[in-house]
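As structure tokens, the structure follows; a few thoughts come after it.
The values are calculated or read from the model by the stated rules, or taken from the named source; none is laboratory data. What you see is a predicted model; the values in this text were computed from it and never measured. Every residue, glycine among them, receives a Cβ derived from its backbone with ideal geometry; neighbour counts consider all protein chains shown.
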4 protein chains.
Amino acid sequence: MTSLKPFLSDNAAAVHPKLWDAMRAADQPDNPYDGDALSAELDARFTALFGRDCAALWVATGTAANCLALATLCAPHGGVVCHREAHIEVDEGGAPGFFLHGAKLMLAQGEGAKLTPHDIAALIDPIRADVHQVQPHAIAITQASEYGRTYTPGELATLGHFARERRLGLHMDGARFANAAAFLGGSAAEAARAASGPVDSLAFGFIKNGGMGAEAVVLFDPGRAAEVRYRRKRAGHLQCKGRYLAAQILAMLDDDLWLANAAHANAAAQEVAAGCGDRLLHPVEANELFVRLTEAERAALRTEGFAFYDWGPESARFVTAWNTQHEDATALGKAIAAL
Amino acid sequence: MTSLKPFLSDNAAAVHPKLWDAMRAADQPDNPYDGDALSAELDARFTALFGRDCAALWVATGTAANCLALATLCAPHGGVVCHREAHIEVDEGGAPGFFLHGAKLMLAQGEGAKLTPHDIAALIDPIRADVHQVQPHAIAITQASEYGRTYTPGELATLGHFARERRLGLHMDGARFANAAAFLGGSAAEAARAASGPVDSLAFGFIKNGGMGAEAVVLFDPGRAAEVRYRRKRAGHLQCKGRYLAAQILAMLDDDLWLANAAHANAAAQEVAAGCGDRLLHPVEANELFVRLTEAERAALRTEGFAFYDWGPESARFVTAWNTQHEDATALGKAIAAL
Amino acid sequence: MTSLKPFLSDNAAAVHPKLWDAMRAADQPDNPYDGDALSAELDARFTALFGRDCAALWVATGTAANCLALATLCAPHGGVVCHREAHIEVDEGGAPGFFLHGAKLMLAQGEGAKLTPHDIAALIDPIRADVHQVQPHAIAITQASEYGRTYTPGELATLGHFARERRLGLHMDGARFANAAAFLGGSAAEAARAASGPVDSLAFGFIKNGGMGAEAVVLFDPGRAAEVRYRRKRAGHLQCKGRYLAAQILAMLDDDLWLANAAHANAAAQEVAAGCGDRLLHPVEANELFVRLTEAERAALRTEGFAFYDWGPESARFVTAWNTQHEDATALGKAIAAL
Amino acid sequence: MTSLKPFLSDNAAAVHPKLWDAMRAADQPDNPYDGDALSAELDARFTALFGRDCAALWVATGTAANCLALATLCAPHGGVVCHREAHIEVDEGGAPGFFLHGAKLMLAQGEGAKLTPHDIAALIDPIRADVHQVQPHAIAITQASEYGRTYTPGELATLGHFARERRLGLHMDGARFANAAAFLGGSAAEAARAASGPVDSLAFGFIKNGGMGAEAVVLFDPGRAAEVRYRRKRAGHLQCKGRYLAAQILAMLDDDLWLANAAHANAAAQEVAAGCGDRLLHPVEANELFVRLTEAERAALRTEGFAFYDWGPESARFVTAWNTQHEDATALGKAIAAL
């Protein structure tokens, strides 16, 4: 597909040049798997980024990152509370069922695909504490959410308090964590509320942000890392030449490239949003826009060369990326405004 | 690790320049997952290579390739016959148990980590055909084997006949399939005996042969591809930017780079073998050498700058790669001869 | 618990005397597992009952019966459509996730915990036919439903047609199949619409109908029986002394004891219903009543010695059984009428 | 099968009259599942029997008992060391693979199907402590072993010490635990070395000892009971009318019926053994005899009305039971002696 003005998704964008450089620099002999010098740096680099001890592992996909982390938070006979429209429920081909050996996704409702303690309690409070009903073991939230909404540090603190009170693990799907962090002020630590520790694990996404095929599983309790390493191998996710994945991630962390890329995408989204007015279905906080558009309006935009997905019969989704052209974004905003 | 003369393994070798070029050429917008133009070529290219209809999918690791293919040949309540020293039994962290939902690996013995119908029958004939015992559903062989031995087309035909007779699927772990094919005369089709169809699926390895992170699951019954595609997603192995994996594989197939790389590695292995005499534990047919060496002898070699793994207390394993230097290989052969 | 007038559930009622007799008669040497003479009769007896070829196996619980049957209709990467309030979703402790290796329950809505093709299509039509979304493989319905409603033969025919059209398996949870059949006129064949074959499998319940610990998995495609037998063993459900389970089931089939017991329970339910008027939340077709009752009214009934479960804050569930006393049922009906 | 002198197995023997009485006594209303008064007694009764705190649950089969207990000792990515001829490996239809979600059985060798620390170390010491190899999480032993051999309290203490040192769980398959305890002097506590705590869990078998369909999972760490209860439900093993299972077990514990039954079977085995001389392949310590007998000799015994299984081409297995007739046992001993 060679659309001139691509807003389909950030998930197939080109790879950032600095990552190419880093991978080429890694193209020399080193130990296989994660025994190489680059992989060995990950723990320290994420510890520095989050300002607290953590362990970090590379994997090739967000699905694997989420599921490997969740598998240590939820036993096969337990359940993971997530939003009804969470990616792990809707778009991961049943991967949680596979990695968690049949554990149940328990579907809560919440505005903007976000969850509050209230939303979660409404789902789990009616569950009888007997063996006939699956008990919740963990919560999974998405930062930014499937509708591009972010959790503020305060909201995370509240959720974390609730999770601890209910003895539930808390995992964060961060496929677009960088975009959330950029929106929230630029601190990874704040975007995961790392200091006060509500989140147990984070799938820190890089692929949608200019990476090729590397995400990080970040474990804020490093003691869980050994189990995740065994599970990663068992799931066929331990690549021989892991140094090329580590190289991508380290290049992203260098000079906060992850943040610059996300900020660029977010800014482009705002340029589009400027033209959307009350067509927006959700506030634009990250790099996704959900816009009310009739079929005719969508057709008109496509005629002008904009590529994007329909979002139900009445709207469309636009996604900006690290490499979205400023002109394309403003053009799209204007085109929508002119409809 | 920066050994001057590396014979540790082919699994961490650098990436072939042509693959870098291909990946860079793919660094432009296209559809995500396997919807891109490159991934779309795979079926046809492998069909041409094997001279019969087949479907092919990329995955990032050999473990995933083996297990995804096996999962369609063996139900959770069945078993897969493999050699006692097969990689799937010994070195994949229990991945078959995960992907096959607890199916059993049934361990046969055979010379050189190869299996014959006789070996397999010795294992499965005593199994009572009742529900108390797990019944075999499939066979997995490795081409080249874990001891660097190859199956001749004739041996494959015999195995295939046996498998069909017993109604067992037959999967080939081809982590070093290229090396086997190079030894057997250079025909991929012959190395899988594709024409007469004994093998149901092949994990065609490229990573140990100069790839970065892409292997092919080749299904000689294309009708099984849909299931494998669902299982691949479910296992978190469907990468967003699959075009970079497809690019690697296609570059390998172009002008038979896969074969040239393997032939180079095999030739290097023969150069080493030339100095080993009766120290060799197994005939050298691919790119691995298992050499009887005392502890002192191994220490001496290491002093000379050769890097390799011990193989038990009395021997060592040397592996050559697509980029093994001719001088290093002959030097190693001479050093061993001089011991 | 020694309530004088028990309407809590039929699932803990005493065992019918004829079953005791049958078990005692089986108390002599025979082959273990299902190799005994009684187990050997099952296929023929159910074939006679349903008027078409079927295979039948005993298991100790309805949960196991449902899950073993479903496991042959739905691959681990697929989904089973069921009602949002289906027992397999709500009350089996996640057993489908276990037996089906993480397959997904897909929750449809429908009146009275019943499903129509319309209800199912509303759920599955929006599912994209791509690997990112779990595809439905089967449908599970409950006869009688979790609200005591029955599927007429005509409704079953329609559902069966829909299932075949969509290439979905169709399983019937018949924990109270006998009660449904009694309501529908007394024919097991009609209650499963066996003649025209819409249903692939039936968990035929006996325990709630006077049994001790034996249900039947009935497979209308006997070719699936071998797989279910292997899975039964693998799930630890193949009892050594299976003859005692077979004896219970055969005694139930003798002279249609299953039907007489269910008819008794249904009649008792009607006696209660006679006093409920418009308090009934669902038409009473089997042996369960869902009755609108305030907290005070429930307390009053309990004071009179009636035992039953609350059903949410505003109602109660009453269940009659094979041994419900006529006087107790009429007394309950009158007591409710008098509130 | 109506052999006059049955030595096929104890697993299909009739049910002891006292158990029938106990089940009939339980045939009155009580709470469903394990909420009844009888099930509630189990913890206390086993605590008294073993002289230390334990939790106990009924299940219908030994396979389920073993697997449910093991599932709490071994993660899906781990392994359970057992004897190469252990029942869980050879005769449970792959149930451990199912209940443990693909965990691996790791097969050790040892005399008489028993394991020593030395046997286990020989298997697990060569395992590299890396993610490519499955790590052992637990050990499973069988008391009495598959060849009718017992572990002395001293041997158990040694094994327990080893297990703790290696941080491995220790489970005891006690399908014939009663026979072992009877041989070892009659103390259940000693036969599990309960006082000093080496064993984490015991599948205490009753079915082969005169039961109908109830075994006990005994957890010497009662804190694990909640998980096992959830897993039991999830595996479809929580029967509605659990009181009939509890009744069997309690009747067995009353006045040490379990011990009397086992002592009877053991004595009968000794009567047979008296005639076997050096034909015995294993010392007779419980109720199984493995006897060297040619095909002709076996035919001769069968002509005399003895029923038993061949054990390979050169021998036979004889099993006595709680109801083996004294005359039958002595007749068999004499018949063998006379061959």
Check: Do we find that C:Leu57 is away from chain A (no Cβ under 14 Å) and under 16 Å from the mean Cα position of the chain (by Cα) in this structure?
Finding: yes
Notebook entry, point to check: For segment B:104-113, which residues satisfy the criterion of being within 11 Å of chain D (Cβ to nearest Cβ) and among the aliphatic types (A, V, I, L, M)?
Noted result: B:Leu105, B:Met106, B:Leu107
Next item on the list: Report yes if B:Pro29 is over 27 Å from D:Val131 (Cα atoms), touching a strand residue (DSSP E or B) at 6+ places or on another chain (Cβ under 8 Å) and not in a strand (DSSP E or B), otherwise no.
Entry: yes
Next item on the list: Sort through A:Leu38, A:Leu73, A:Leu8 and tell me the only one that's in contact with a helix residue (DSSP H, G or I) (Cβ under 7 Å, 6 or more places away or on another chain) and buried (at least 18 other Cβ atoms within 10 Å of the Cβ).
Entry: A:Leu38
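Would you mind finding the one in B:Leu73, B:Leu57 that is over 22 Å from A:Tyr230 (Cα atoms) and part of a loop (DSSP other than H, G, I, E, B)?
Just a single option satisfies the conditions, and that option is B:Leu73.
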Check: Applying the selection to segment D:18-31, what residues are surrounded by fewer than 21 Cβ atoms within 10 Å (Cβ to Cβ) and either among the β-branched types (Val, Ile, Thr) or facing another protein chain (nearest Cβ under 9 Å) (or both)?
Finding: D:Trp20, D:Arg24, D:Asp27, D:Gln28, D:Pro29, D:Asp30, D:Asn31
Note to self: Consider segment C:77-103. How many of its residues are at the interface with chain A (Cβ under 9 Å from one of its Cβ atoms), in contact with a His (Cβ under 9 Å, 6 or more places away or on another chain), outside any helix (DSSP H, G or I) and buried (at least 24 other Cβ atoms within 10 Å of the Cβ)?
What the structure shows: 7
Item checked: Matching option when the condition is assigned to a helix (DSSP H, G or I), within 13 Å of chain B (Cβ to nearest Cβ) and more than 30 Å from A:Thr303 (Cα to Cα), among A:Leu42, A:Leu68, A:Leu49 -> A:Leu68
Next item on the list: Evaluate the following for C:Phe220: is it crowded, with 24+ Cβ neighbours inside 10 Å and either touching a strand residue (DSSP E or B) at 6+ places or on another chain (Cβ under 7 Å) or farther than 22 Å from C:Ala113 by Cβ (or both)?
Entry: no
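One line per residue, one yes/no per condition, for (1) under 29 Å from D:Ile88 (Cα atoms); (2) outside any loop (DSSP other than H, G, I, E, B); (3) among the hydroxyl-bearing types (Ser, Thr, Tyr); (4) at pLDDT 95 or above:
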| residue | (1), (2), (3), (4) |
| --- | --- |
| B:Ala122 | yes, yes, no, yes |
| B:Gln133 | yes, no, no, yes |
| B:Pro136 | yes, yes, no, yes |
| B:Ala144 | no, no, no, yes |
| B:Arg149 | no, no, no, yes |
| B:Ala163 | yes, yes, no, yes |
Next item on the list: Filter segment B:223-255 down to residues that are touching a residue at least 40 places away in the same chain (Cβ under 8 Å) and of a type in the set (Asp, Glu) and give me whichever is farthest from the other protein chains (Cβ to nearest Cβ).
Entry: B:Asp254
Checklist line | segment D:165-207, residues that are within 14 Å of chain C (Cβ to nearest Cβ) and either without any contact (Cβ under 8 Å) to a residue 60 or more places away in the chain or not in a loop (DSSP other than H, G, I, E, B) (or both) | finding: D:Asp173, D:Ala203, D:Phe206, D:Ile207
Next item on the list: Look through segment A:125-162, keep the residues that are surrounded by fewer than 23 Cβ atoms within 10 Å (Cβ to Cβ) and among the small types (Gly, Ala, Ser), and return whichever of them is farthest from the other protein chains (Cβ to nearest Cβ).
Entry: A:Gly154
Check: From the list C:Ala195, C:Ala226, C:Ala260, C:Ala265, which one is in contact with a Ser or Thr (Cβ under 9 Å, 6 or more places away or on another chain) and small (Gly, Ala, Ser)?
Finding: C:Ala265
